[in-house]
1. Touching a residue at least 12 places away in the same chain (Cβ under 8 Å), more than 15 Å from the chain's Cα centre (by Cα) and under 25 Å from ALA42 (Cα atoms): does that describe GLY258?
2. Identify, by number, the condition in (1) among the small types (Gly, Ala, Ser); (2) closer than 25 Å to MET232 by Cβ; (3) in contact (Cβ under 8 Å) with a residue 60 or more places away in the chain that GLY175 doesn't meet.
3. Go through segment 382-395 and report how many residues are over 13 Å from ALA428 (Cα atoms) and part of a loop (DSSP other than H, G, I, E, B).
4. Would you mind telling me which numbered condition in (1) out of contact with any Cys (no Cβ under 8 Å at 6 or more places or on another chain); (2) closer than 27 Å to PRO115 by Cβ TYR148 fails?
5. Counting residues that are under 14 Å from ALA317 (Cα atoms) and in the same structural domain as ARG405 (by TED's automatic domain parsing), which strands (runs of 3 or more DSSP E) fully inside segment 334-381 reach at least 1?
6. So, in segment 148-166, exactly how many residues are at pLDDT 90 or above and within 11 Å of GLU212 (Cα to Cα)?
7. State whether the residues of segment 192-200 include one that is under 25 Å from GLU141 (Cα atoms), of a type outside the set (A, V, I, L, M, F, W, C) and surrounded by 19 or more Cβ atoms within 10 Å (Cβ to Cβ).
8. Consider ASP296 against the criteria (1) assigned to a strand (DSSP E or B); (2) touching an Asp or Glu at 6+ places or on another chain (Cβ under 7 Å): it satisfies all of them except one. Which criterion is unmet?
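The values are calculated or read from the model by the stated rules, or taken from the named source; none is laboratory data. The model shown is predicted, which means the values in this text are computed figures rather than measured ones. Note that each Cβ is placed from the backbone with ideal geometry, even for glycine, and that neighbours are counted across all protein chains shown.
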Amino acid sequence: MISTDTNARTCLAIVLAAGEGTRMNSSRTKVLHEVGGRSMLAHVLASLGAAGTDAVSVVVGPGREDVAEAARQASPSAEIFVQGERLGTAHAVLAARAALVRGYDDVLVLFADTPLVTPATLVALRGALAHGASLAALGFEPDDPAGYGRLLIEGGRLVAIREHKDASEAERRTGLCNAGLMALSGREALRLLDAIGNANVQKEFYLTDAVEAARAAGLATVHVLAGKHEVMGVNDRVQLAAAEAIFQSRMREAAMRGGATLVAPETVFFSHDTRLGRDVLVEPHVVFLPGCVVEDGAIIHAFTHLEGAIVRAGATAGPYARLRPKADLGPKSKVGNFVEIKAAQIGAGAKISHLSYIGDASVGADANIGAGTITCNYDGFNKARTEIGEGAFVGSNSSLVAPVRIGAGAYVGSGSVITRDVAPDGLALSRATQVEKAGWAARFRTMQAKRPRQR
């Protein structure tokens, strides 16, 4: 009896990542190029994880330890197989024969250069198997089908997938195209794959020929339809940019539907893991790199750049702020224009309003950091920390030479270079004595007027 519940069925996913992608004109292999701050390979593996697969095998080309390592980082339990020769997609799937023989109910085959496929589509493919099909191919309807393999349907059933090079003129006129992804019954997968020959123009073993092998064996074959954007493959940097645009559109919509306001959505760029809370306001031209969280009610002003940063509830950042990794802005704190924060914890209600660098530091609640203040955290060899206590006031144009502590409630006079700890509620001044010479400027101008001008 066939189970129609995908949760009750085991699933092996095989991700083909052996292509070199020379059209990228890059030192990096194609599948390691990024969309939304995450490699295309990692996007596919993440979708598989969300779809509830039990095991993942990644097929790489010879010598591609970089791809293998990227797969392990994205999916630590992934098993790596090597396709020694590039003899076609079916040949690549069979490189994972050792996994196929373990007897999973469902087998999903994906390509690592299709980064936008969603978990829902993968579940739909498995659902077709759960309802009795032995093979389900993913199809789509592009604006221009030229170059794509075609899904051939007769009587509502999938009867073949024909590669464009091998298709007749009549077959090429169909607009239903092959997206490449396929689901196979685990009981039948090896039999179908082993039955595939290479009697085609390329002399390769096509995975698509599994459809006709299944039909010849009297097995049910169907197709599942996906949106054209979801299944777009990436072969060059133009297509990579197109995938990025689609990804960003998804993220913007999700952010706004989740309760954030994007004043000019098309100018805001997200990473795959960006999280925005409710009633967050994001002004135009903001960039989120990986690792950013913005909590409820926070405001990110225009032209702010964030990476690995947390902006807590009600805090504000920018305009023109840069939050580097491990920047942590406390509730209702303020980081203003042309302020850079790195590896620093900014306490609740603290203010760093403009033109400052705070790195490797902690700033206590309600402290005020004046314009032009910097923490001198690097001596050319090592980093050191600066600690600024609650309610402290650091005057403008001050340099705090780490390691140093400014006590709670202490004052630092403007223009000071602080090299020693300042006690709580103390006042620290470090300035040269001001000297004034009466009439000096007038005498200087008179003297200069008597001298010939040098041009």
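1. yes
2. It is condition (3) that GLY175 fails.
3. Of the residues in segment 382-395, 6 are over 13 Å from ALA428 (Cα atoms) and part of a loop (DSSP other than H, G, I, E, B).
4. (1)
5. 334-346, 351-363
6. 5
7. no
8. (1)
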